[in-house]
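Any read-out appearing in this document is the output of simple, stated calculations on the displayed coordinates, not a laboratory observation. A quick note: this is a predicted structure, and the numbers were derived from the prediction, not measured. No Cβ is skipped: glycine too gets one built from the backbone with ideal geometry, and neighbour counts run over all protein chains shown.
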Amino acid sequence: MVSINKNILYPLEFEFLSKEDYMNKKEIEPTVLFFPNPVVLVTSQGVESKPNIITIAWTGVVNSRPPMIGISIQPIRHSHGLIRQSGEFGVNIPNRDLLRAIDYCGFVSGKNTDKFAATGLTPVLARKIRAPLIKECPVNLECVLRHFITLGMHDLFIGEIVSIYVDEQVLDDKGKLDSSLLNPVVYFSQPTDYWSKGERVGIRGFTKGEYRR
């Protein structure tokens, strides 16, 4: 174990936890124990391919000006190649009503499956990117790829948000987004389940017959 020189690292007075204070906490192996994670449906389309949807929970804002969002995808996933080829992608924020589609699009590969047809989701033309957006999602972001970083098991795609579309039903009387009307879904990696507004709404993989409440 690395020893800590408190005088060097902490020149000011700090109260360090005693050994007894640590008894209520257990150190565990480093893993992706970060939560909650927003769930999004990412759309992409290659030059000569059908549009695809992939469910992503490894996502988040990475810059404010210009507005940028990051999504992490494994190289083996079909969407990975489509986004690298096209240099753009759509980020569609679903609500709880789309839970079955959320789970399905995270497990089934779009290489041989039309996920729009399989889920009944409606593709709509975007204005600034080739990939379609998803009509049923209350919020849609058009993103242009600005940075690509190889990390390890996943690669990070950083896209600049070039357009945003919001359903009028989730806007307040001043035209601002009302988060209370979104009913979004978040994901917990341990255990692997979905939550919405403080309620557990499903477990990852329930569309494969493992659903329980």
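Structure above, values below:
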| item | result |
| --- | --- |
| Segments 171-178, 27-34, 40-47, 152-159 sorted - mean Cβ within 10 Å per residue, highest first | 40-47, 152-159, 171-178, 27-34 |
| Vicinal HN-Hα couplings computed from phi for region 135-140 (Karplus, 6.51 cos²θ - 1.76 cosθ + 1.60; Hz; Gly/Pro x) | 4, 6, 7, x, 10, 10 |
| Cross-link pairs beyond the 20 Å C-alpha cut-off, checked among K50/K111; K115/K135; K128/K174; K111/K135; K50/K115 | K128/K174; K111/K135 |
